[in-house]
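The structure appears right after this line, and notes come after that.
The values are calculated or read from the model by the stated rules, or taken from the named source; none is laboratory data. Note that the structure is a prediction, hence the values are computed from the model and not measured. Cβ placement follows ideal geometry from the backbone for every residue including glycine, while neighbour counts extend to all protein chains displayed.
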Amino acid sequence: MVEKDYDVIVAGGGMAGLTTAASIAHFSNQRFRILVVDRNTPDLAGRKTGSGWICGDAVSKNSLDYLAQNTGITFEKPELEHEVEGVLVYSPDHKTKVLFEGRGFVINRKLFPQKQVEHARKRGVEFAFGVSLEKLLAENGWITGVTGRGPGGSVFKKTASLVIDSTGSASLLRTNLPIPSKIERELNRDDLESTGRYIYEFERGEDDLSYFDPRYAIIHLDQYLAPGGYCWTFPKGENKVNIGLGVQKRALDRRNEKSGSKSVLNELIDTYVASNKSIKNPRLSTSPDDAGNQKGNWQVPVRRPNDCMVANGYAVVGDAAWMPRPIDAGGIGPALYGSVILGRVVADALEAHDTSEDRLWKYNVEYMHHYGYQMASFEVLRTYLQTLSNDDISYGMRYFLSEEDISLITHRKHPRFRNVDLLNPVNLVRVVERSGLARGLKYTSDKSERLIQHNLAYPESSAGFESWHKILLAELHEAQVKFGLT
Ligand SMILES: Cc1cc2nc3c(=O)[nH]c(=O)nc-3n(C[C@H](O)[C@H](O)[C@H](O)COP(=O)(O)OP(=O)(O)OC[C@H]3O[C@@H](n4cnc5c(N)ncnc54)[C@H](O)[C@@H]3O)c2cc1C
């Protein structure tokens, strides 16, 4: 057998790649050679694009606790820049606010990977910075390594028993996967959000906590300003904010056509910032910790994760695996959970000298059971919400969203929408008044029950995948037809 350069090559050293590398090292007691390859120089570790580490920067304390409990990896200030008590969501008419309690942090995305690199190095992980990967190497139906260009255009070529693709949402490696596999290669355009944000320092304007509150990450729903997405104002201090929005292209096109306008993302973000009564004289952050990261646009996948995330000698994680939650595009939490689970499975696989699809399959199963099982149902809910008007969203939040639903969403579960239940006379008038909306919400709730049961029955081995997948796709297609989207 030809000796490989490494046991594992982690392609892309962002949130997911750095966590996966450190997790494999942790679970294997540093027995294997792990190389992280990233196109950035070490001082710019984790940078997503030339315009920065584009993110809303919000992560729940629960996700960081999960990482700490499983791997001993912890973070503190300054990378945990600002602590919040929860997320507050405002309806488009600004009359209803819903609080999702739960501590979290608005992190410094530039400093966070520096700390991650430090954690990984301490666990013996090696790094190749300044290398832009171009292709996966393949032999006899297995991935065997990577090639790309290093500093000065030099050829970079390394082999490994396993390549982990964590190159983010624009992964070329997954798109051009050169072996037969159950992994889907292409993302549907409707399942991608175009997003952008600023990191601003500002003076406090009107004292209106519905626009800026240093204790809460605020989300404003508005299908005119952020069609098919939402606007956010996430505090990074008393006078500092991460502010931006995301849109779905199809919903933006529809909105532009309806209003006879040609609005583009940056114009919408600027309009949103200008409409914020509590933020006066915003200017790009002058902190050295934000240098090169004050403004920028990027994309987030918002569907369920890839239905299969492994192949012979290959696994995919983080945005490259479409892990962000469909309902709020939060991808840091899923990347941390996914990376820890993958780290454990890979450590076992290397121990057994077996990095086949069959051996790595456990990662699919465990991620689905632990985190992923709710995501298809959130994809359906997201798809439905994207079809609603501002008026319907405001009405629904006011009358149809119950305390039980809020608690369920807080615990990453699908809302039941029992307030659209016709058996309750209090609801009757409202349900009749908004019968289409009530029926739509009920449909998403019923569908979620079926999708969750189906996902919890994810096949234990690759043999059962095809029939399981067929049923999943049929369920999702039915929802698309119901919402008039096919
Ligand atoms: C505007 C915006 C706001 C967001 N807000 C939030 C939020 O508030 N909370 C939240 O939880 N999530 C948020 N997300 C999602 C979150 O940022 C991502 O889910 C998370 O960064 C995914 O991490 P990742 O490691 O998978 O990918 P990335 O962070 O994209 O990292 C990929 C790494 O791979 C490197 N790379 C890529 N291609 C190559 C290549 N060919 N060769 C070598 N290296 C390569 C990149 O340079 C980078 O270092 C937001 C996303 C956006 C765009």
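I'd like to know if segment 387-397 contains one or more residues that are out of contact with any strand residue (DSSP E or B) (no Cβ under 6 Å at 6 or more places or on another chain), within 27 Å of Asp307 (Cα to Cα) and of a type outside the set (Lys, Arg).
yes
Looking only at segment 354-409, which residues are outside any helix (DSSP H, G or I) and closer than 23 Å to Ala226 by Cα?
Hits for segment 354-409 are Gln386, Thr387, Leu388, Ser389, Leu401.
Which of the residues belonging to segment 155-183 are surrounded by fewer than 20 Cβ atoms within 10 Å (Cβ to Cβ), within 14 Å of Met309 (Cα to Cα) and not aliphatic (A, V, I, L, M)?
Thr175, Pro180, Ser181, Lys182
Among the residues that make up segment 341-360, is at least one of them closer than 20 Å to Ser448 by Cβ and not β-branched (Val, Ile, Thr)?
no
Any residue at all in segment 98-108 that's at pLDDT below 95, assigned to a loop (DSSP other than H, G, I, E, B) and on the phi < 0 side of the Ramachandran plot?
Taking every residue of segment 98-108 in turn, none turns out to be at pLDDT below 95, assigned to a loop (DSSP other than H, G, I, E, B) and on the phi < 0 side of the Ramachandran plot.
Considering (1) within 21 Å of the chain's Cα centre (by Cα); (2) farther than 30 Å from Asn140 by Cβ, say which one Ser23 fails and leave the rest.
For Ser23, the exception is condition (2).
Kindly establish whether Lys4 is among the basic types (Lys, Arg) and under 29 Å from Gly237 (Cα atoms).
Here the answer is no, as Lys4 does not meet what is asked.
Can you tell me which residue is farthest from the chain's Cα centre (by Cα) among those in segment 294-340 that are more than 9 Å from the ligand (Cβ to nearest atom) and on the phi > 0 side of the Ramachandran plot?
Only one residue tops the list, namely Gly313.
Pairs, please: C-beta under 9 Å, at least 6 apart or cross-chain, first residue exposed (fewer than 14 other Cβ atoms within 10 Å of the Cβ) and in segment 271-285, second small (Gly, Ala, Ser)?
Between residues of segment 271-285 that are exposed (fewer than 14 other Cβ atoms within 10 Å of the Cβ) and residues that are small (Gly, Ala, Ser), the close pairs are Lys277/Gly205; Lys277/Ser210; Lys280/Gly205; Asn281/Gly205.
May I ask you to verify whether Phe100 is over 30 Å from Leu133 (Cα atoms) and within 13 Å of the ligand (Cβ to nearest atom)?
no
Residues that are within 13 Å of the ligand (Cβ to nearest atom) and of a type outside the set (Val, Ile, Thr): which strands (runs of 3 or more DSSP E) entirely in segment 1-92 hold 2 or more of them?
34-38, 58-60
Yes or no, residue by residue, for (1) out of contact with any helix residue (DSSP H, G or I) (no Cβ under 6 Å at 6 or more places or on another chain); (2) farther than 27 Å from Pro324 by Cα; (3) not in a strand (DSSP E or B):
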| residue | (1), (2), (3) |
| --- | --- |
| Lys95 | yes, yes, yes |
| Lys115 | yes, no, yes |
| Glu118 | yes, no, yes |
| Lys135 | yes, no, no |
| Gly152 | yes, yes, yes |
| Lys157 | yes, yes, no |
| Val163 | yes, no, no |
| Gly168 | no, no, yes |
| Arg174 | no, no, yes |
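Can you give me the number of residues within segment 230-267 that are under 22 Å from the mean Cα position of the chain (by Cα) and either surrounded by 14 or more Cβ atoms within 10 Å (Cβ to Cβ) or among the charged types (D, E, K, R) (or both)?
Residues that pass the stated criteria total 20.
It is to be established whether one or more residues within segment 168-180 are outside the structural domain of Thr233 (by TED's automatic domain parsing), in contact with a Gly (Cβ under 7 Å, 6 or more places away or on another chain), farther than 19 Å from Leu245 by Cβ and within 11 Å of the ligand (Cβ to nearest atom).
Within segment 168-180, one or more residues are outside the structural domain of Thr233 (by TED's automatic domain parsing), in contact with a Gly (Cβ under 7 Å, 6 or more places away or on another chain), farther than 19 Å from Leu245 by Cβ and within 11 Å of the ligand (Cβ to nearest atom).
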